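The block underneath contains the structure these notes are about, expressed in structure tokens.
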Amino acid sequence: MKDTPLSNCERDFLLKAIEEKKRVDGRQTYDYRNIKITFGTDYGCCFVDLGKTRVMAQVSCELVTPKENRPNEGIMFFNIELSPMASPAFELGRQSELLVKLNRQLERCLRNSKCIDTESLCVVSGEKVWQIRVDVHMLNHDGNLMDAASVAAITALCHFRRPDVGIQGDEVTLYSVEERDPIPLSIYHMPICVSFAFFQQGTYLLVDPCEREERVMDGLLMIAMNKHREICSIQSSGGIMLLKEQVLRCSKIASVKVSEITELITKALENDKKARKEGGRCGFAESMPRERITALKMDETPVEMTDVMERANDIVQRGEAPVPSPVLPAPGMGQVGEGLQNTWGLEEEEEEDDDDEEEEEEEEEEKVTMMEEEPRGKEEINPFSSFSPCLRMYFLKLF
Amino acid sequence: MEECGDTNITLREFGCEQSLLSRPDGSSSFMQGDTSVLAGVYGPAEVKVSKEIYDRATLEVVIQPKVGLSSVRERLQEQSVRETCEAALLASLHPRSSLTLVLQLLHDDGSLLSCYLNAACMALMDAGLPMSCLFCGVTCAVNAEGQIITDPSAAQEKESRALMTFAVESTEHRVIMSSTRGSFSVHELQQCIAVSQKASEKIFQFYRDSVRRRYSKIL
């Protein structure tokens with residue numbers, strides 16, 4: 001499915017507005033959209049809403065053998081998926097340039113900055129280490145997917161708890177969630193990506209571009225920073241040429257934004273921790289807004305079972321006689337049902353036998369197809385009527 | 001004839017939100033207890049020449065799991081959902097177009113296929129696609145003692161001897177799709193179908209209430 005192309009008048013309108021320091025949604029040049037962070041039911045699941053852009057991240061872990069050149073370090077694996085739901089331009093299975101760019105940037109932001117202590121993920125050196133896998137799904141694309149993805153990924157990593165492992169000599173015991181409380185990952189710092197869009201060959205810049213602004217921009221500058229004002233990665237794409245002062249100014253803006261976002265993340269994590277401690281239900285279901293007109297909730301309801309037994313008995317009785325039980329005509333061979341009169345008008349009987357022996361079907365398959373027949377046609381009396389004559393005899397070769 | 005003992009026929013807490021994503025033409029999120037699913041629909045839209053059908057719309061269903069890449073399990077679920085939607089949608093009103101339905105798993109706590117079906121129906125309604133009937137999904141589990149449980153949680157599904165999901169349509173409550181696993185008798189099957197038809201009445205009432213709330217002038 002193709003995305004609708006941007007019309008020339010829309011493009012001109014956006015560029016003109018940006019020249020006059022106006023944005024279509026009324027924000028200022030350096031304003032971010034509203035960020036909302038919610039968590040799922042299990043640990044490591046996080047939803048981030050950046051305005052209308054929606055992203056979900058899920059962290060999972062698995063015990064694997066470590067890489068040969070790094071036997072005491074755990075493995076981090078990042079995967080961003082552009083779901084076809086997010087935009088009509090995203091097609092499944094196509095390695096688009098955007099996907100590669102997002103994946104690479106997330107890897108540089110989180111892996112190369114060494115924000116997670118990978119040595120603490122080692123269980124048995126050289127044999128078993130934890131592989132932490134982060135899957136980020138884009139659910140709605142309204143611009144600035146990278147920022148939303150980086151916030152979701154780092155928040156999910158902070159939220160995640162891995163199962164506890166006990167080592168006694170040579171024995172390694174993996175405790176389940178019920179036996180021992182799972183333990184969080186050790187995270188040194190939280191790198192967050194901030195995107196700057198440039199227009200008119202670098203003259204004008206906007207922070208957190210929305211989808212329309214992204215379509216008319218000349219180039220994008222992504223700065224990943226943490227709240228200690230350490231730059232984790234810078235990437236400039238689009239071939240724009242920036243002056244040194246511009247880059248420094250952007251990094252100053254980014255540090256302000258990153259500290260705000262980091263505060264938001266820590267607050268969200270604390271609220272979730274408090275809610276879980278109190279034992280309340282957490283998850284996507286709970287975070288659904290109830291007062292919205294487009295949302296509705298219904299409590300647990302019983303279903304009346306008054307005449308179910310009678311209806312079921314009625315249908316079974318009206319149905320056909322049950323499948324005849326299998327007969328063993330010879331050792332190693334089973335037969336279900338009897339062959340019918342050959343209606344094809346052929347004279348040789350050996351031909352018919354050959355056809356039957358070729359059709360080797362299993363008894364279970366026959367039973368399953370019978371079950372599927374029942375709900376579809378209650379009026380159909382003979383379940384075998386739709387089968388051709390040569391399939392009526394089934395031979396089960398018992399090995 | 002098997003005896004059916006004390007049955008636990010309740011439906012878990014339901015929740016639904018429509019139009020929550022801005023890009024897709026129709027979207028919905030559906031929650032059954034802790035199981036939650038997000039659905040997005042695009043259509044009718046341009047279709048690739050290789051996939052176009054001359055007199056009807058081409059429906060494509062994509063199911064995205066939460067972790068890892070999609071596998072054969074998702075293909076089977078996609079096929080079940082696609083066959084149900086094709087039975088309900090009036091595809092011949094949009095020839096040579098494509099309808100894309102994307103389902104994203106948010107959390108799995110049992111009754112997953114029926115949650116996919118319910119989310120799909122609400123998303124198709126939200127997109128305004130013409131349908132001849134609404135449909136809903138109901139899952140029944142038969143446990144080792146022969147009791148029937150509707151809308152089972154993941155723990156109940158694991159202990160069950162048989163698990164059946166039926167798609168029921170709204171006009172005459174007939175079954176339009178069934179997907180089962182495990183062994184069960186003919187009698188148990190008919191009982192589960194009857195129970196699913198009863199349960200579907202509640203779900204259709206929920207659909208009606210959601211839409212009525214959405215288009216009401218006063219809350």
(request) For the range A:154-205, enumerate the residues that are β-branched (Val, Ile, Thr) and closer than 30 Å to A:Asn144 by Cβ. (result) A:Ile154, A:Thr155, A:Ile187, A:Ile192, A:Val194, A:Thr203
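Quick one: which residue in B:Val102, B:Val81 is out of contact with any helix residue (DSSP H, G or I) (no Cβ under 8 Å at 6 or more places or on another chain), modelled with pLDDT of 95 or more and crowded, with 23+ Cβ neighbours inside 10 Å?
Working: B:Val81 fails: out of contact with any helix residue (DSSP H, G or I) (no Cβ under 8 Å at 6 or more places or on another chain).
Step by step, each of B:Val102, B:Val81 is checked, and only B:Val102 is out of contact with any helix residue (DSSP H, G or I) (no Cβ under 8 Å at 6 or more places or on another chain), modelled with pLDDT of 95 or more and crowded, with 23+ Cβ neighbours inside 10 Å.
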(request) Name every residue in the range B:177-195 that is more than 9 Å from chain A (Cβ to nearest Cβ) and either under 20 Å from B:Ala119 (Cβ atoms) or charged (D, E, K, R) (or both), in order of residue number. (result) B:Met177, B:Ser179, B:Arg181
(message) With crowded, with 17+ Cβ neighbours inside 10 Å, out of contact with any Leu (no Cβ under 9 Å at 6 or more places or on another chain) and at pLDDT 95 or above as the only criterion, which of A:Thr266, A:Thr262 stands out?
(response) A:Thr262
(message) Can you pull out every residue in the range B:39-49 that is surrounded by fewer than 23 Cβ atoms within 10 Å (Cβ to Cβ), assigned to a strand (DSSP E or B) and more than 7 Å from chain A (Cβ to nearest Cβ)?
(response) B:Pro44
(request) Select from the range B:198-219 the residues that are more than 7 Å from chain A (Cβ to nearest Cβ) and in contact (Cβ under 8 Å) with a residue 40 or more places away in the chain and write down the one among them that is surrounded by the fewest Cβ atoms within 10 Å (Cβ to Cβ). (result) B:Val211
(request) Please state which of the following conditions B:Leu163 fails to meet, knowing it meets all the rest: (1) more than 12 Å from chain A (Cβ to nearest Cβ); (2) part of a strand (DSSP E or B); (3) farther than 16 Å from B:Gln191 by Cβ. (result) (3)
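How many residues does the range A:292-306 contain that are under 18 Å from B:Val211 (Cβ atoms) and out of contact with any helix residue (DSSP H, G or I) (no Cβ under 7 Å at 6 or more places or on another chain)?
Residues of the range A:292-306 that are under 18 Å from B:Val211 (Cβ atoms), as a first pass: A:292-298.
Right, trim to out of contact with any helix residue (DSSP H, G or I) (no Cβ under 7 Å at 6 or more places or on another chain) and you get A:292, A:295, A:297.
Total meeting the criteria: 3.
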(request) Inspect all residues belonging to the range A:102-120 and state whether any of them is without any contact (Cβ under 8 Å) to a residue 24 or more places away in the chain and either away from every other protein chain (no Cβ under 14 Å) or of a type in the set (A, V, I, L, M) (or both). (result) yes
(request) Those residues that are surrounded by 24 or more Cβ atoms within 10 Å (Cβ to Cβ), touching a Leu at 6+ places or on another chain (Cβ under 8 Å) and free of Cβ contacts under 8 Å to residues at least 40 places away in the same chain, I need them from the range B:138-181; list them, please. (result) B:Thr139, B:Ala141, B:Met164
(request) Only residues in the range B:50-69 that are within 11 Å of another protein chain (Cβ to nearest Cβ) count as the first member; pair them with residues that are among the aliphatic types (A, V, I, L, M) and surrounded by fewer than 18 Cβ atoms within 10 Å (Cβ to Cβ), Cβ under 7 angstrom, at least 6 apart or cross-chain, and list the lot. (result) B:Val62/A:Leu92
(request) Please determine, by comparing only the residues of the range B:1-38 that are modelled with pLDDT of 90 or more and more than 8 Å from chain A (Cβ to nearest Cβ), which one is farthest from the chain's Cα centre (by Cα). (result) B:Asp25
(request) Within the range B:169-176, identify whether any single residue is under 14 Å from the mean Cα position of the chain (by Cα) and within 11 Å of chain A (Cβ to nearest Cβ), and answer yes or no. (result) yes
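The values are calculated or read from the model by the stated rules, or taken from the named source; none is laboratory data. Just so you know, these numbers come straight off a predicted model, no measurement behind them. Heads up, the Cβs are rebuilt from the backbone with ideal geometry, glycines too, and the neighbour counts pull from every protein chain shown.
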